[in-house]
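Single-structure report; data block below.
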Amino acid sequence: MNYFITGTDTGAGKTYVTALLLEAARAEGRSTVGFKPISCGDREDAETLLAASTPVPQLNLDRINPVHLKTPAAPLAASMIEGKPVDLALILNAYAELAGEFEQVLVEGVGGWEVPIAQGYHVGDLARELGLPVLLVVDNRLGALNHTILTARAIASRGLECSGIILNHVGDERDSASVSNRVVLEQTLDIPILADILHGETAIQWPLP
């Protein structure tokens, strides 16, 4: 099963979590690859996914990350600044090629669910076009409940399944919100919590079907 991985916001830890999932899948003997359709600014996220993917000779950074905009901004803003529209056909073709070569593709979005990629076209629209179930990475802190519930509802509004939530402790400190968020989300949303990743954790068990 392939998945689209989104986050409650920029900095929620999508790349970190995706890399852990890739490494866990490889440990289970799966042929798996990360896919970062769009990067803005540097390409460190794509490089991390490449390093965590199943190594094969034909895999390189441009296949992992077909669209790279140098401006550190939302894709729509970066494309306007650079005069370089995002090539959606290139993204879809690159994904199809990877999906044909690997057992599993984990697609990492850019920013949050409603970040604009082109005029009238957002991250959620790309996930819908790919037709993938969604994993939601949550920065587990005060305020996460609102962000998580809003994002989960936005995923459902596009007719997509949110297959699971992954709580990620970006910061080292714990507070009452980070401790209680899981219980509240389990009572509020009919979405399984697949993992609760503590700050600095470097491995997780493979939680996906």
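So, of the residues in segment 99-129 that are part of a strand (DSSP E or B) and open to solvent by 20 Å² or more (accessible area, probe 1.4 Å), which turns out to be farthest from Leu189 (Cα to Cα)?
The residue in question is Ala118.
Name the single residue that is surrounded by the most Cβ atoms within 10 Å (Cβ to Cβ) among those in segment 1-52 being farther than 24 Å from Gly131 by Cβ and β-branched (Val, Ile, Thr).
Looking at residues that are farther than 24 Å from Gly131 by Cβ and β-branched (Val, Ile, Thr), I get Thr48.
Please find, among Leu132, Leu150, Leu142, the residue that is open to solvent by 30 Å² or more (accessible area, probe 1.4 Å), under 27 Å from Ile193 (Cβ atoms), outside any helix (DSSP H, G or I) and not polar (S, T, N, Q).
Only one candidate qualifies: Leu142.
May I ask you to list the residues in segment 161-181 that are in a loop (DSSP other than H, G, I, E, B) and open to solvent by 30 Å² or more (accessible area, probe 1.4 Å)?
Listed by number, the residues that qualify are Glu161, Val170, Gly171, Asp172, Glu173, Arg174, Asp175.
Restricting the search to segment 46-91, which residues are in a loop (DSSP other than H, G, I, E, B) and among the aliphatic types (A, V, I, L, M)?
Selection gives Val56, Leu59, Ala73, Ala74, Val86.
The values are calculated or read from the model by the stated rules, or taken from the named source; none is laboratory data. Quick caveat: nothing in here was measured; it's all calculated off a predicted structure. Reconstructed Cβ throughout: ideal geometry from the backbone, glycine too, with neighbour counts over all protein chains shown. To get the accessible areas, we keep the full protein, side chains included, count just its heavy atoms, and leave off ligands, DNA and RNA. Shrake-Rupley method; radii C 1.70, N 1.55, O 1.52, S 1.80 Å.
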